[in-house]
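K.L.:
This is the structure I want to talk about, given as structure tokens.
Taken together, the values in this text are just the output of simple stated rules run on the coordinates, not laboratory data. Please read these numbers as outputs of a predicted model, since none were measured by experiment. Using ideal geometry, Cβ is built from the backbone for each residue, glycine included, and neighbour counts are taken over all protein chains shown.
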Amino acid sequence: MPQPLLVMQHSFARMRAIILPGQQQNRGSLAFWISLLLMGCIIIGLGAFIFSTYLTANTKLISQVAPPSNTGQPMLSVSGTPVASIAPGQTLHVHGKNFTIGDPIIFYLDTTIPIDGSNGHQLAATVSNQGTFDVAIPIPTSTSWSVGAHTIEALDNRTQQDAYLNITILLNGTPTTTGLFSFSLQNRPITKLSFTGVAGENDPAPQHIIIKNTTSTLLNWNATAATDDNLSWLHIDDDHTGGQIQADGMATLGIGIWLRGLKSSTKPYTGNIIFTINGPGMSQQLTLPVELRVEDAPTEMVFSPNPVVGVWTTGGICNPGSSLTLINLGTSFITWNVNMDANAQGHIMFTYNGKASSNVQGQLAPGATVALALTCNGVQVGQVYHMTISANGAQYSAFVSIQRTPA
């Protein structure tokens, strides 16, 4: 081969040796960056999916754990018949409400003794999505559950919120109303105590009963107050809750009522004074039923004058200055209403809080007074208009008399 051609051939070989690796490198670099971009997209998409999934799940978790809004304080009550008096060997069914959803609840007797379930382990419950739980508490025959008054505590093991239930442990068998003791009040035998109170007012006076030992031997006794609704309205008045009574001897026991927080009801509140009596070779429990009726405070509102005199002037209106005055003489708030009859609507009006109307209403605090100014429209001399005045539901008749001059 001629030398120039040989030289040219060698030059092309060198150029291919230089160019081809560069092209291969560029193709490799481009593939690398494309792969990296695709991987980044995959990572970003996967991250977004995980984040959205976690956020949704976490939101659901928070909504489940958070306590329901507008709930009250945690409370305990006896399920079924509301009598928190029970004998050893029986089972007490307890209902809890207003606890935090999903929280663990453990139980104590008298705030210190763990309560065991039927399996022999400490009793526990989990709060439902409604903030409630129900448990069955077996009452053992051990000495820790002695006869008398006790307290069951339900404790939220996470938030430390708690609620209490007062119970009375009875002797085995049903307590009786007659036996080793007899009871009297003001020299009259009794089998039940009755109290009457007024909601929002002072407690009724305590009653002091006479306990008589009807046996021929010395007896030891103690008394416990128990209510059927787990409300602490019944109590031993003088804290003298037990002692000894000689054969045919007597003792005095004061029984009192706390009205605070009780509302009036058509049904009486009920409870018992439970006497545990022990003597040589004998043990018995007696109950003295107690009944409490709570009434609404009587309405003590007066109004004057009656009739209200409207002084007529030209145009069928009344001179200013006439009014109807309402006075609350009681100790509780009164909701009142002054309503004119149909034939007086639009003709006779009273002004309250700056507004004149034929039907005015409001609330009157204890000891307060309100004056309702009279306004007339299109009335004539000699007309008498009837109105009804209500005070806490009690109704009274009153009148407006239109006169030319006051009588």
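K.L.:
Pick out, from ILE257, THR217, ALA247, the residue whose Cα sits farthest towards the positive end of the charge dipole of the range 208-270, with +1 on the Cβ of Lys and Arg and -1 on the Cβ of Asp and Glu.
P.N.:
Projecting each Cα onto the dipole axis, the largest value belongs to ILE257.
K.L.:
A follow-up question, please. Please list, short to long, the whole-number percent of alpha-carbon pairs of the range 278-330 in consecutive 5 angstrom bins beginning at zero.
P.N.:
Reading the bins upward from 0: 4, 12, 10, 10, 8, 7, 6, 6, 4, 5, 4, 5, 4, 4, 3, 3, 3, 2, 1, 0.
K.L.:
OK, next. Where a Cα-Cα gap under 20 Å defines reach, which lysines qualify for LYS192, not counting those fewer than 8 residues away within the same chain?
P.N.:
LYS192 reaches LYS212, LYS267.
K.L.:
How big is the range 247-306 along each principal axis, measuring the range of its Cα positions in Å and listing the largest first?
P.N.:
Extents along the principal axes, in whole Å: 74, 23, 16.
K.L.:
Pop out the ³J(HN,Hα) list for the range 185-201 in order, Karplus 6.51 cos²θ - 1.76 cosθ + 1.60 with θ = phi - 60°, rounded to Hz; leave Gly and Pro as x.
P.N.:
The phi angles translate into 9, 6, 6, 10, x, 10, 10, 7, 10, 10, 10, 10, x, 10, 4, x, 10 Hz.
K.L.:
With Kirkwood's inverse mean 1/r over C-alpha pairs for Rh, give me the Rg to Rh ratio of the range 181-295, two decimals please.
P.N.:
Working: Rg = 14.9 Å, Rh = 14.8 Å.
The Rg/Rh ratio comes out at 1.01.
K.L.:
Would you mind checking which residues have amide H under 5 Å from ILE190's amide H? H placed 1.01 Å from N; only 5 or more apart, or other chain.
P.N.:
Under 5 Å from the amide H of ILE190 lie the amide H atoms of PHE183, SER184, LEU185, each far enough along the sequence or on another chain.
K.L.:
Mind listing the phi-derived Karplus ³J(HN,Hα) values for the range 339-349, rounded to whole Hz, using 6.51, -1.76 and 1.60 with θ = phi - 60°, and x for any glycine or proline?
P.N.:
Taking θ as phi minus 60°, the curve returns 10, 6, 5, 4, 6, 9, 4, x, 9, 10, 9 Hz for the range 339-349.
K.L.:
Which value in Å is the Kirkwood Rh of the range 301-403 over different Cα pairs?
P.N.:
13.6
K.L.:
May I pose another question? Which ³J(HN,Hα) values in Hz, rounded to whole numbers, follow from the phi angles of the range 98-113 under the Karplus curve 6.51 cos²θ - 1.76 cosθ + 1.60, where θ = phi - 60° and Gly and Pro get x?
P.N.:
Listing the rounded values in order: 6, 9, 6, 4, x, 7, x, 10, 10, 10, 9, 9, 6, 6, 10, 9 Hz.
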